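Colleague: After the structure tokens below, expect a handful of questions from me.
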Amino acid sequence: MVQKRGGWPTFSAYILGAHPNPANLQQLLTPPQGGRGAGGAGGGGAAPAAAAAPTSEKLADGVFRINGAYNALAIEFADHIVLFEPGPQNEARAQAIIAETKKVIPNKPIRFGVISHHHFDHTSGLPAVVAEGITIVTPEVNRDFLMTSLSAPRTLAPDSQSKSGKKPVIEGFKGDKRVFQDATRTLEVYVIKGLPHADGLVVGYLPKERILVYADMFNLPPANAPVPDPPVVGTMVFADNLDRLKLNVDRVMSVHSLNPDRLTTVAELRASLGRK
Ligand SMILES: [Zn+2]
């Protein structure tokens, strides 16, 4: 069985055997108690309740963490705003992120939305981002998939994008780096190399504020937890890329809310790998 999205395979299952009418058929057809239901993947949950009313937190002048199960970073420039992770989870969450961004940085358009990577839990709100007239920025490798997905007709139910009549505008940048810069601010976007989780996954870095924003590669372990053996591959790749890029980072912000939900440091990330 192969499932596709936007023409690309997203799920495949090989049926290795079949047992007709097993004795425990009723049990197999009964959902487990206390299940999380559909859409709970990605570590942060996708419950609709999480989309309601985000709060935000000022990290620096003109830099705000828009809080939720999936956090976004709003960055003010002289005459516009850039959002990192503008469309996670669903349309409602994206609309809430956009509304909160406009509240904390009033009277400027949100011109660019940089997505961390193409996975569904980080992109399912993008129709609302397109409807807002925001240019989606992502490495070139993701462009065709997003363009096809976001251009597909809505045949079952209209969404904010189809109602707006807007067409997706997607900048697929080439190379390993995309810099947003004006007289007031610099945001550097770097492609992470060698990551099994996804091709074309990026992090955002504010060199003046020394803030780094990322998705999926590091989950804060419980205090005093032993270093996992083998260590977490995504976190190793993340740390190796930070070594390669030689970024000067004080605070690290995760798109997925951590437990406890807070910013971390590169030292904590390295400590989770048993590195100094
Ligand atoms: Zn992912």
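The values are calculated or read from the model by the stated rules, or taken from the named source; none is laboratory data. Please read these numbers as outputs of a predicted model, since none were measured by experiment. Neighbour counts run over all protein chains shown; Cβ positions are idealised from the backbone, glycine included. What goes into the accessible areas is simple: the full protein's heavy atoms, side chains included, and nothing from ligands, DNA or RNA. Shrake-Rupley method; radii C 1.70, N 1.55, O 1.52, S 1.80 Å.
Results for (1) in contact (Cβ under 8 Å) with a residue 12 or more places away in the chain; (2) in contact with a Cys (Cβ under 6 Å, 6 or more places away or on another chain); (3) assigned to a loop (DSSP other than H, G, I, E, B); (4) surrounded by 12 or more Cβ atoms within 10 Å (Cβ to Cβ), shown as yes or no for each residue.
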| position | (1), (2), (3), (4) |
| --- | --- |
| Thr138 | yes, no, no, yes |
| Leu146 | yes, no, no, yes |
| Leu150 | yes, no, no, yes |
| Arg154 | no, no, yes, no |
| Ala157 | no, no, yes, no |
| Lys163 | yes, no, no, no |
| Thr184 | yes, no, yes, yes |
| Lys193 | yes, no, yes, yes |
| Gly200 | yes, no, yes, yes |
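Colleague: A follow-up question, please. On the basis of being among the β-branched types (Val, Ile, Thr) and farther than 27 Å from Arg262 by Cβ, does Thr101 make the cut? Break it down stepwise before answering.
Modeller: Details: among the β-branched types (Val, Ile, Thr): yes; farther than 27 Å from Arg262 by Cβ: no.
No.
Colleague: From the set of residues in the range 98-120 that are under 21 Å from Thr184 (Cα atoms) and crowded, with 24+ Cβ neighbours inside 10 Å, which is nearest to the ligand (Cβ to nearest atom)?
Modeller: Step one: of the range 98-120, the residues under 21 Å from Thr184 (Cα atoms) are 101-114.
From the residues that got through so far, the ones that are crowded, with 24+ Cβ neighbours inside 10 Å too are 101, 113-114.
Values: Thr101: 23, Gly113: 17, Val114: 15 Å.
Of everything passing the filter in the range 98-120, Val114 is nearest to the ligand (Cβ to nearest atom).
Colleague: Please count how many residues of the range 238-260 are free of Cβ contacts under 8 Å to residues at least 40 places away in the same chain and within 22 Å of Ile75 (Cβ to Cβ).
Modeller: At the first step, the residues of the range 238-260 found to be free of Cβ contacts under 8 Å to residues at least 40 places away in the same chain are 239, 242-243, 246, 258-259.
After this cut, where a residue has to be within 22 Å of Ile75 (Cβ to Cβ) as well, the list is 242, 246, 258.
Count: 3.
Colleague: Name the residue that is nearest to the ligand (Cβ to nearest atom), counting only residues in the range 75-97 that are open to solvent by 10 Å² or more (accessible area, probe 1.4 Å) and in contact with a helix residue (DSSP H, G or I) (Cβ under 7 Å, 6 or more places away or on another chain).
Modeller: Gln89
Colleague: Also, I was wondering about something else. I'd like to know if the range 248-264 contains one or more residues that are at pLDDT 95 or above, within 27 Å of Val114 (Cα to Cα) and part of a helix (DSSP H, G or I).
Modeller: no
Colleague: When the range 224-247 is examined, which residues are found to be assigned to a loop (DSSP other than H, G, I, E, B) and among the hydrophobic types (A, V, I, L, M, F, W, C)?
Modeller: Residues of the range 224-247 that are assigned to a loop (DSSP other than H, G, I, E, B), as a first pass: 224-232, 246-247.
Matches in the range 224-247: Ala225, Val227, Val232, Leu247.
Colleague: Something else now. Checking the conditions here, which among Val233, Val203 is within 16 Å of the ligand (Cβ to nearest atom) and more than 18 Å from Val114 (Cβ to Cβ)? Show your work before the answer.
Modeller: Details: Val203 fails: more than 18 Å from Val114 (Cβ to Cβ).
Sole residue among the options that is within 16 Å of the ligand (Cβ to nearest atom) and more than 18 Å from Val114 (Cβ to Cβ): Val233.
Colleague: Can you go through Glu188, Glu268, Glu209, Glu171 and tell me which one is away from the ligand (no atom under 16 Å from the Cβ), part of a loop (DSSP other than H, G, I, E, B) and acidic (Asp, Glu)? Walk me through how you get there before you give the answer.
Modeller: Values: Glu188 fails: part of a loop (DSSP other than H, G, I, E, B); Glu268 fails: part of a loop (DSSP other than H, G, I, E, B); Glu171 fails: part of a loop (DSSP other than H, G, I, E, B).
Only one candidate passes the filter, namely Glu209.
Colleague: Against the condition at pLDDT below 95, assigned to a loop (DSSP other than H, G, I, E, B) and surrounded by 14 or more Cβ atoms within 10 Å (Cβ to Cβ), how does Pro221 come out, does it pass? Don't jump to the end; show me each part of the working.
Modeller: Working: at pLDDT below 95: yes; assigned to a loop (DSSP other than H, G, I, E, B): yes; surrounded by 14 or more Cβ atoms within 10 Å (Cβ to Cβ): yes.
It is true that Pro221 is at pLDDT below 95, assigned to a loop (DSSP other than H, G, I, E, B) and surrounded by 14 or more Cβ atoms within 10 Å (Cβ to Cβ).
Colleague: Any chance you could count how many residues in the range 170-182 are among the aliphatic types (A, V, I, L, M) and surrounded by 13 or more Cβ atoms within 10 Å (Cβ to Cβ)? Even if it seems obvious, please write down each step before you answer.
Modeller: Taking the range 170-182 first, the residues among the aliphatic types (A, V, I, L, M) are 170, 179.
Narrowing further to those that are surrounded by 13 or more Cβ atoms within 10 Å (Cβ to Cβ): 170.
Of the residues in that region, 1 qualify.
Colleague: Mind checking which pairs have a first residue in the range 67-94 that is closer than 23 Å to Ala157 by Cβ and a second that is of a type in the set (Phe, Trp, Tyr) and surrounded by fewer than 24 Cβ atoms within 10 Å (Cβ to Cβ), Cβ under 9 Å, 6 or more apart or different chains?
Modeller: Hits for this filter: Pro86/Phe112.
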